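Asks: I have a structure I would like to understand better, so I am pasting it below and will then ask my questions one at a time.
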Amino acid sequence: DTKVVGAAHIPSASFWHRLADRAAMALMSHDEEHEMLHRIETDPGFVENKEFTRDDAKKLYVLLRHEQQRSEVYQTNLSRKMQKIKADLDLRTEEVETLQRTLKLEQEAHLDESTSMMRERDFKNHAQEERIRDSLGELLYSKPSSAGNATYDLDTVMVSYIKPGNFRYNLAFRIDNYTAVQELRESACRYWGISADEYVLKTMASNKCQDELLVKECFKQGEIAQLRLQEKGRAPSEKPTDDELKAIQPKVKNKKKQQRDPRYDAVGVNGIQKQQENHATELKKMGGSYFLLKTPMGKPSEHMAKTKLRDIIIYSVLLALTVYAYTQKRPVGVEFWLTAGFTSQLRMSHPINATYSAPDFDNVTSSEELWQWLTYSLPSILYTTNTSDSLGSHNLLMGYMAIRVQNVKEPKTPDEYCMFNKQVVNSLASDGAACYPSDITPSTQETREFVTLKTYWDKELKAQSFEELGSRLRGPTPPWMWASADQNKKDHNIRSVSGVVSTYDASGYTVEYNMQADDKVEAYRKDLEMFRRSGWISDLTRVVIISFTAYNYDLDMWVSTDVVFELTPSGSCRNTLLVLPFRPTVLETRAEQQAAYVDYTRLIIAFYIGIFVGISERHHKIKNHKAGCLYHISLAGICDLGIVGCLLAGAIWTNTVLTSKSTKEYMIQATDPTGTLGFQSFSWIAWTYSNVLCIEGLLMLFLFNRVISFLRLNRSIYLLWHTMGNAVKPFLFFVLMFLPTFIGVVLIMHRIYGPYLDNYASIPGALLQLYKLLDGDMNIEELLQLDMVWAMFIILIFYVVVQFVLLNAFVAIVVDSYYHVMVTTQGATETWSSTRRLRWVLPTTLVNILQSLVPTSSAETS
């Protein structure tokens with residue numbers, strides 16, 4: 001606080017006062033201040049004490065002054081804080097009020113919008129009703145052709161019917177100049193499902209229309225063309241009253257003559273009534289005819305309205321592109337002749353010496369025959385010699401051939417792996433009885449190292465290290481060391497292999513041999529002899545898998561081959577040959593690039609089908625008062641989903657697996673020029689290639705069904721289509737009734753003939769034989785030889801159920817459905833105008849633009 005005097009600033013008195021207080025406070029120590037406050041709190045009356053000096057009073061004054069100032073400062077700060085909080089609260093309150101006003105405006109806007117839409121819809125409905133009323137007025141009122149002639153044309157009649165419960169229904173009928181009242185009455189009664197004999201047609205003036213009259217003769221000029229379908233007021237057997245009989249009697253001169261009832265004959269009426277009752281009773285005995293007579297006419301189908309010309313063109317183009325793409329990817333006969341060469345070579349028998357021959361592939365039934373096949377047949381198949389025609393003579397054998405085995409552990413105790421016969425095995429343990437694992441599991445699979453084989457193998461690898469890299473026989477993978485499935489998948493791309501007995505993962509002991517070392521056959525046989533002595537393949541072996549890859553120059557195709565020998569605990573051998581042709585990459589040649597462009601085009605069409613066709617089909621269902629989701633479970637919806645799914649799955653699969661590397665890179669990977677990679681399996685790529693083409697076949701199935709559905713534009717095909725659709729549901733129910741019979745026959749065949757015949761050893765195999773029996777292609781002689789009684793029983797039951805019941809029932813269901821469709825389906829009376837034809841050809845948007853640019857009359861004529 002200062003006062004300004006001229007150019008100088010003079011402090012005020014309050015300034016000096018505060019300065020003195022601060023100085024006095026500075027002179028007081030903290031202990032003195034604390035002591036003073038303590039004395040005030042404990043003895044407020046010490047001020048009146050004589051010992052209370054002037055200095056004490058001054059200190060007390062300064063202290064109280066300081067406390068007052070601190071209270072003022074605290075009050076000021078608190079007031080400022082309260083003002084800040086209040087301002088913040090006002091700001092928050094204003095934001096909340098703003099949000100509430102915005103929310104209220106949005107709600108009111110939505111309500112106003114709904115109200116406006118309802119008002120607009122009411123206005124449109126009212127306008128539409130006015131237009132309909134005007135149109136009906138023009139139709140119901142006809143003008144005379146001339147002043148002297150009272151004839152006129154009438155083409156529409158409104159028929160009203162009041163159902164029980166006072167519900168009034170109106171229905172418009174199209175008539176011509178020759179439509180009779182009887183025909184109109186029968187049509188109206190058939191529509192509402194009532195008896196035509198119990199109802200009559202009357203005009204709005206309650207005048208009955210006789211059946212012999214024409215409909216147009218029931219109305220006068222200018223009269224509203226509307227009739228009432230009214231139930232007859234009297235039963236046929238009810239006798240007329242005397243007044244009614246008197247009114248209808250003819251006028252005669254002799255009134256005394258006995259008058260006879262001209263209209264009523266009680267005997268005749270009773271006879272007619274009995275005849276009608278008997279006719280209804282007899283008709284009810286014929287369920288089909290009675291049901292059809294009581295069945296109302298079905299609603300007219302709207303399938304023609306939803307079928308557009310653009311959809312027919314798009315699906316036809318997609319079908320043509322799919323056929324072209326499939327023929328480009330899989331030329332006719334190429335893959336068959338390629339696999340036939342491999343299978344014929346692998347199934348050949350090769351000589352052991354001048355006297356004996358090794359068994360061919362199909363006749364390997366034991367472990368001993370398996371050793372002969374591996375020792376003599378396999379090298380003759382793979383390695384080119386002067387006396388044999390091998391696979392290498394016509395194909396390039398890529399890199400290494402791998403022999404992989406999976407063994408089970410030897411039991412520590414005789415009953416370690418026994419399930420239910422431990423006591424029996426223990427009692428026979430002295431005779432060498434023991435249970436060996438039948439299946440390969442992580443707990444039963446052998447993973448130990450073959451020490452003897454390791455010593456031998458290290459010696460042979462050291463000896464061949466002085467040879468050139470390309471002429472070395474043995475691969476880098478050690479056969480004495482077990483490798484897990486993950487390791488083999490990572491290092492050699494080996495996947496699971498399925499046989500007849502089980503499915504085997506990629507784990508096991510693997511040995512690799514270079515298929516280009518034609519002069520090392522004896523070394524190969526020497527290794528096999530060592531494998532046999534060391535127990536590499538023994539009674540503990542459950543599967544032996546021989547895998548290799550080849551390339552055919554002429555056909556430009558690769559082949560992945562897996563030869564599977566499954567050794568069961570009983571000593572038998574089950575053989576499986578898996579030969580899969582493939583191309584590792586599909587984007588290198590000009591033809592493959594053209595096929596890729598076709599695939600991209602098909603993907604665009606798939607998106608069109610999934611989006612636009614799906615939306616149109618769902619709107620069509622909703623328009624006909626059905627749920628839009630029903631489209632997805634209809635035949636058209638299933639076909640569309642199948643088309644889109646197949647195209648997307650094929651494109652994704654192809655671009656992720658079959659385009660990752662070039663053919664050159666695959667060649668280097670397969671041949672292993674560095675000698676460090678070893679065998680590389682291409683079975684996964686071959687399996688993917690084969691399944692992509694299978695997806696193409698499935699795509700064609702959906703496409704053909706979808707294209708055939710467009711033929712329903714023809715009425716005859718539509719009736720047949722509708723017939724089969726109606727017959728599916730009862731036929732499926734009928735098949736379910738015979739399903740237990742089929743299951744029973746399959747189980748009997750599996751139980752009786754499974755232990756002796758390979759085709760019946762499994763449930764799927766027995767089911768396949770049952771299908772062959774249906775087709776008449778099953779070998780019945782082998783069944784008769786094993787068990788004639790059961791064979792005759794199965795054949796008799798099957799032929800009675802299938803030939804005499806199931807097939808005839810199917811024919812009956814189809815005939816009944818066809819009859820029902822023909823009776824209840826309306827005739828093809830719909831005619832298309834030029835505008836509707838234009839909307840069928842062009843999109844609705846283009847038609848609206850055309851109609852806005854061209855007048856209605858010219859647009860109709862164009």
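The values are calculated or read from the model by the stated rules, or taken from the named source; none is laboratory data. Bear in mind the structure is a predicted one, so any value in this text is a computation, not a measurement. Neighbour counts are summed over all protein chains in view; Cβ atoms, including those assigned to glycine, are modelled from backbone coordinates with ideal geometry. Ligands, DNA and RNA are stripped out before the accessible areas are found, and what is left, the full protein with its side chains, is counted by its heavy atoms. Shrake-Rupley method; radii C 1.70, N 1.55, O 1.52, S 1.80 Å.
Asks: Given a Förster distance of 45 angstrom, what is the FRET efficiency for Y324 paired with T741, based on the Cβ-Cβ distance and rounded to 0.05? Provide the component values of the computation, followed by the final result.
Replies: Numbers: r = 46 Å, r/R0 = 1.02.
The calculated FRET efficiency here is 0.45.
Asks: Take T441, project a point 7 Å from its Cα along the Cβ direction, then tell me which residues of region 496-538 have their backbone nitrogen under 19 Å from it.
Replies: Under 19 Å, as judged by backbone N against the label point of T441, lie 501-508 of region 496-538.
Asks: Continuing with this model, one more query. Run the reach check for K246 against aspartates and glutamates, Cα to Cα strictly under 17 Å, same-chain hits fewer than 8 apart removed. What comes back?
Replies: Qualifying aspartates and glutamates at Cα under 17 Å: E238, D261, D265.
Asks: Exceeding 18 Å between C-alpha atoms, which entries from my cross-link table qualify? They are K409/K490; K163/K623; K306/K626; K409/K489; K462/K520; K489/K520.
Replies: Going by Cα-Cα distance, K409/K490; K163/K623; K409/K489; K489/K520 fall outside the 18 Å limit.
Asks: What nm value, rounded to one decimal, do you get for the distance between Y191 and V789 when each label is placed 7 Å out toward the C-beta?
Replies: 6.9
Asks: Amide H of L227 versus every other amide H placed in the peptide plane: which residues, excluding those fewer than 5 positions away on the same chain, fall under 5 Å?
Replies: M158, V159, S160
Asks: Residues with beta-carbon under 11 Å from that of N363, excluding N363: net charge, scoring Lys, Arg +1 and Asp, Glu -1?
Replies: Charge balance in the 11 Å sphere: -2.
Asks: Using 0.36 nm per residue of separation minus the Cα-Cα distance, give me the extension gain between T93 and L213 in nm, one decimal.
Replies: 34.8 nm
Asks: Then there is this: Describe numerically, in nm with one decimal, the distance between label points set 7 Å from Cα along Cα→Cβ at Q593 and at E183.
Replies: 7.0
Asks: Tell me the label-point distance for the pair S660, I638, using the 7 Å Cα-to-Cβ offset, in nm and rounded to one decimal.
Replies: Each label point is offset 7 Å from its Cα along the Cβ direction, giving 3.5 nm.
Asks: Let me ask something else about it. I'd like the accessible area for V811, computed on protein heavy atoms only with a 1.4 Å probe and all protein chains in place. Round to 10 Å², please.
Replies: About 80 Å², rounded to the nearest 10.
Asks: Gain in length, I652 to M204, computed as 0.36 nm per residue apart minus the alpha-carbon separation, to one decimal in nm?
Replies: On the way: separation 448, 0.36 × 448 = 161.28 nm, distance 7.05 nm.
Length gained, I652 through M204: 154.2 nm.
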